[in-house]
1. In a shell of Cβ-Cβ distance under 13 Å around GLN50, excluding GLN50 itself, what net charge do Lys and Arg (+1) and Asp and Glu (-1) give?
2. What are the ³J(HN,Hα) values, in whole Hz, obtained from phi via the Karplus relation 6.51 cos²θ - 1.76 cosθ + 1.60 with θ = phi - 60°, for each residue of segment 40-48 in sequence order, with x given for Gly and Pro?
3. Please list, in chain and number order, the residues 5+ apart from HIS31 or on another chain whose amide H is under 5 Å from its amide H, with Hs placed from the backbone.
Amino acid sequence: MAFRAPLTNHHTDGTLCPPEHKHTSSGKPLHPGCPDRAYTQAVCSCGQWQMQQPGKGYVNESRRRHLATHRIPAGPLLRDVLPFNMR
Ligand SMILES: [Zn+2]
Ligand SMILES: [Zn+2]
């Protein structure tokens with residue numbers, strides 16, 4: 001079973017800040033309906049882990065670290081089995 005922990009961005013009041021809410025590189029909202037982007041959240045589908053932090057990069061890093069703990073050694077992936085000329 002594969003777990004997923006999608007990143008979502010949220011406003012101060014907790015509502016979703018969708019990807020179409022563009023921001024300047026300094027984090028200022030460019031969308032008229034966007035009050036701000038307060039924090040980034042990741043919730044793992046395992047139900048055992050979630051994180052809310054203002055730093056998107058930090059959440060993404062922690063998310064990947066958590067997802068790695070779910071990875072059980074499995075058989076080789078298909079792309080590792082196919083000969084090079086079939087990739
Ligand atoms: Zn927004
Ligand atoms: Zn998990």
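1. Working: positive: ARG4, ARG63; negative: none.
Charge balance in the 13 Å sphere: +2.
2. My calculation for segment 40-48 gives 10, 10, 9, 10, 7, 5, 6, x, 9 Hz in order.
3. Result for HIS31 returns LYS22.
We did not get these values from a lab; they are worked out from the coordinates using the rules stated. None of these values were measured; they are calculated from a predicted model. Glycine gets a Cβ as well: all are built from the backbone with ideal geometry, and neighbour counts include every protein chain shown.
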